[in-house]
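Report on the following structure.
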Amino acid sequence: MKKLSIVICAILLLVTGCAKNRNLEKDKIVAINATSYFQQRKDNDFYVLLDSYSKDNMTVEELSLEFDDLIKIYGEPLEYDTDEVVAYRQENTAVVSVPVRFTTGWMDLTYTINSTSSVTGFKITVSDKLDENGYNETQFVYKVDDMEEHAVFTNTNKTEQSPLVIFVHDKDMYDKNSTVGVRKLFRDLAYALADNGIASVRYNRLILENENIEDSIALMKAELKAVYEASLSLEGIDPNRVYVLGYGIGGYLLPNLVDDLPIQGMILSSAPYEKIHYSMYEEEIYEIDCDKTMLEQNKNVRKQEIENSKLLIDSLVNPEDFYQDIFGYSSSFWIELQIYTVAEKLNTFARPIMVTHGSNDYHVVSSSHNVWKHELADIQNVTYKYYKNMDHLLSINNKTSLPSDQLKEGSIASAYISDIVKFVQE
């Protein structure tokens, strides 16, 4: 394992050296030579590492520029955990992955090495490692049938039992932190709540590899139930004060996901009320209009494709009519939603509900807040909170947010945190 660590460190030091030491002369950045290292695993596969780093496949300048772009998003790399290196063979290439702590937190940096031992590229994904930041955090496993994933419990430093909030993801969010560019919404929310005496659970959504299993509401419901049941055994929480916070599409679906869970209350945060594929359509059109690099002709083609997707969802009757994903979800998912009405679900929910929106959220237009109020007018147990200048990333933004805002640092609006704390602790 020691040789493995040396090799990985050498690769990483080369890259960070390229990125940090901008003024290094090109001829001083030398190729790394290392002894080949093969280690047999239990499954008789082999770890395959490089003999040398070659400039033929990716130049130092190209590698440096790529890493520079990643640093703009994730910040500078601060440390590497070489004890948790994973390496495996994939067809004619070797894949090496190592956890790296960037300014924004732990990520997995993965290298692909071809048959000539050349670095062909790298990518960054969210790591399961926890940030060492003074918060009391532990990981636990939850299971749905034969599948299992990880959740993170962020506890408070209180000696008495704390209320617990479980977070449910927006669309396109699968990792426990709900990472959006440089932002980690659920992680930041967990820390803010912990500072106010409220524990939380955030979990990695299951990523299905079985094509016969639909990404359906039923699966999402089973997943949340598994997380809830696993959370009840956590030390330091009050099992009679468990709340669920649904963010974005997670908020829209939440009344259906929790209808058989004995939770104390729910928070519907930045959630659309209208048919969600209409909201997704408007969101994607806005993002296209904001893209200054796309040619006008290409914009029009893409807009027509999105229009066709919206119309296709409206016309769906049988899941077998269409097999591909539409707006990231299966045809079965959309057909399930055709008979789903939020108000009907909430009419039978006698416990406290809070609905929150921000005025500068382009993902969910501000008029959605009044739609929620109108549609839930007959329900007495609802608290409404509307935040001037808050965007979809739950931060204060003095203008309607842009897609590029996800590459900017930001903090969760203090008024939003205060209202959640008050709602949960009352």
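Between Thr400 and Tyr386, the contour length at 0.36 nm per residue exceeds the alpha carbon distance by 3.5 nm. Between Lys129 and Glu148, full extension at 0.36 nm per residue minus the direct alpha carbon distance yields a gain of 5.2 nm.
Using Cβ point charges alone (K and R +1, D and E -1), the dipole size of the range 136-425 about the Cα centre works out to roughly 1180 debye.
Taken along the Cα-to-beta-carbon direction at a fixed 7 Å, the label points for Val317 and Ser359 span 4.7 nm.
Cα centroids of the range 118-194 and the range 228-246: 15 Å apart.
Only beta bridges with both residues in the range 136-425 are counted; by DSSP, about 40 percent of them are antiparallel.
Subtracting the Cα-Cα distance of Asp378 and Asp260 from 0.36 nm times their residue separation leaves 40.3 nm of extension gain. Using alpha carbon centroids, what distance separates the range 255-302 and the range 393-426, in Å? If you average the Cα positions of each part, the centres end up 17 Å apart.
Label positions at Ser233 and Glu296, each projected 7 Å from the Cα along the C-beta direction, are separated by 6.3 nm. Estimated from the Cβ-Cβ distance and a Förster radius of 35 angstrom, the FRET efficiency linking Gln304 and Asn370 is about 0.70.
Assuming charge only on the beta carbon of Lys and Arg (+1) and of Asp and Glu (-1), the dipole of the range 200-358 about its Cα centre is about 600 debye to the nearest 20.
Measuring against 24 Å, Cα to Cα, the residue pairs Lys123/Lys184; Lys184/Lys388; Lys171/Lys385; Lys171/Lys310; Lys275/Lys399; Lys158/Lys385 contain Lys275/Lys399; Lys158/Lys385 as the ones spanning a longer distance.
No value in this document is a laboratory result; all are computed from the given coordinates. These numbers were taken from a predicted model, which means no experiment stands behind them. Using ideal geometry, Cβ is built from the backbone for each residue, glycine included, and neighbour counts are taken over all protein chains shown.
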